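The values are calculated or read from the model by the stated rules, or taken from the named source; none is laboratory data. A quick note: this is a predicted structure, and the numbers were derived from the prediction, not measured. When we count neighbours, we look across all protein chains shown, and the Cβ atoms used for this are built from the backbone with ideal geometry, even at glycine.
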Amino acid sequence: MKQRTLMAFFKPK
Amino acid sequence: LEAKFDDSTIFKKIIDSFKDSVSQINFMCSESGIEAQAIDDSRVLLVSLSIPPSCFETYRCDRPTTVGVYLSSLSKLLKSASSSATLTLYVEDQPDELLLLFEESKASKSMEYKMKLVDITADMLEVDSDMKSDVSVEMSGVEFTKIVRDLTQLSDSFTVSVGKDGIVFSVDGETASGKVLLQPKEDLANPENNLSISMTKTIDLSFASKYLLDIIKASTLSNMISLKFSEETPALFEFKMEKGGGIGFYLAPKYDE
């Protein structure tokens with residue numbers, strides 16, 4: 001399995 | 001900023017609950033309390049902290065201030081914490097240091113530490129605090145911690161499935177596999193044992209075991225943990241403190257190649 005990162009879900013502030 | 005905890009171990013528990021997940025953090029202090037967000041180096045885990053004025057014996061913040069600290073240094077100073085001592089945090093208007101004052105009235109003893117602040121330019125992410133989820137679970141933090149400790153020994157991936165039978169935690173390692181099924185229950189005499197599930201869709205998600213082992217370090221903050229899952233967003237693991245506020249961990253899932 002591969003790991004997703006938060007960048008796939010949240011936009012930078 | 002002048003913020004006094006009547007029990008210095010509260011701040012120690014808060015810092016210890018995420019010091020192994022992220023190395024540095026900016027505390028954003030304002031009249032509505034202290035808030036912070038930090039992302040781990042691999043950008044998989046986001047820590048979101050809220051310490052509202054209700055957590056303090058006295059709280060005053062005249063103007064919004066950012067307090068950047070290395071958590072390893074702060075954690076060393078907080079080894080002095082004891083439940084019989086109060087802890088007051090002081091930050092000046094043009095902050096270059098954080099002052100921590102521990103006071104033990106019974107022992108007529110006080111300890112003062114000063115810590116240099118650091119200028120942290122961290123990536124911040126826009127997290128929707130009303131993030132929609134398909135599944136919400138409230139359960140005992142002790143129970144969740146034990147399940148994570150037991151199962152993560154067997155595999156570096158940890159799967160959570162929620163369906164009509166309840167919530168299933170499972171691992172499938174090279175040499176062994178394991179599974180724990182929990183069904184909703186209500187224990188009137190011991191509400192910390194309650195387990196509730198609300199669900200609009202079933203979910204089946206996998207996470208890296210090492211992040212779950214970091215998350216459960218925050219279980220000292222609360223008897224209960226709240227879990228939120230959706231196939232479209234990171235999972236949220238949240239420990240709410242008795243006096244308000246708490247700590248939330250947003251964890252990105254793993255996926256099949």
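With respect to the numbered conditions (1) more than 30 Å from B:V67 (Cα to Cα); (2) exposed (fewer than 13 other Cβ atoms within 10 Å of the Cβ); (3) in contact with a strand residue (DSSP E or B) (Cβ under 9 Å, 6 or more places away or on another chain), which one is the sole condition not fulfilled by B:K109?
It is condition (1) that B:K109 fails.
Scan segment B:215-236 residue by residue and report those that are modelled with pLDDT of 95 or more and within 14 Å of another protein chain (Cβ to nearest Cβ).
Selection gives B:K228, B:F229, B:S230, B:P234, B:A235, B:L236.
Looking at (1) assigned to a loop (DSSP other than H, G, I, E, B); (2) within 17 Å of the chain's Cα centre (by Cα), which is the only condition B:Q94 fails?
B:Q94 satisfies every listed condition except (2).
Show me the strands (runs of 3 or more DSSP E) found entirely inside segment B:100-176 where at least 3 residues are touching an Asp or Glu at 6+ places or on another chain (Cβ under 8 Å).
B:109-116, B:157-163
Looking only at strands (runs of 3 or more DSSP E) that fall completely inside segment B:1-66, which ones have 2 or more residues that are closer than 23 Å to B:T121 by Cβ and free of Cβ contacts under 8 Å to residues at least 40 places away in the same chain?
The qualifying strands (runs of 3 or more DSSP E) are B:24-30, B:33-39.
With (1) surrounded by fewer than 17 Cβ atoms within 10 Å (Cβ to Cβ); (2) touching an Asp or Glu at 6+ places or on another chain (Cβ under 9 Å) as the list, and B:S48 as the residue in question, which single condition is left unmet?
All conditions pass for B:S48, except number (1).
Quick check on my filter: what residues within segment B:142-157 are of a type in the set (D, E) and more than 14 Å from chain A (Cβ to nearest Cβ)?
Answer for segment B:142-157, where residues must be of a type in the set (D, E) and more than 14 Å from chain A (Cβ to nearest Cβ): B:E143, B:D150.
Provide a single number: the residues in segment B:177-197 that are out of contact with any Pro (no Cβ under 7 Å at 6 or more places or on another chain) and either outside any strand (DSSP E or B) or surrounded by 13 or more Cβ atoms within 10 Å (Cβ to Cβ) (or both).
14
Being farther than 16 Å from B:K12 by Cα, in contact with a helix residue (DSSP H, G or I) (Cβ under 6 Å, 6 or more places away or on another chain) and aliphatic (A, V, I, L, M) is the filter here; which residues of segment B:235-257 pass it?
Passing the criteria: B:L251, B:A252.
Please go through segment B:152-176 and give me each residue that is touching a helix residue (DSSP H, G or I) at 6+ places or on another chain (Cβ under 8 Å) and buried (at least 16 other Cβ atoms within 10 Å of the Cβ), ordered by number.
B:T152, B:S155, B:S157, B:F158, B:F169, B:S170, B:V171
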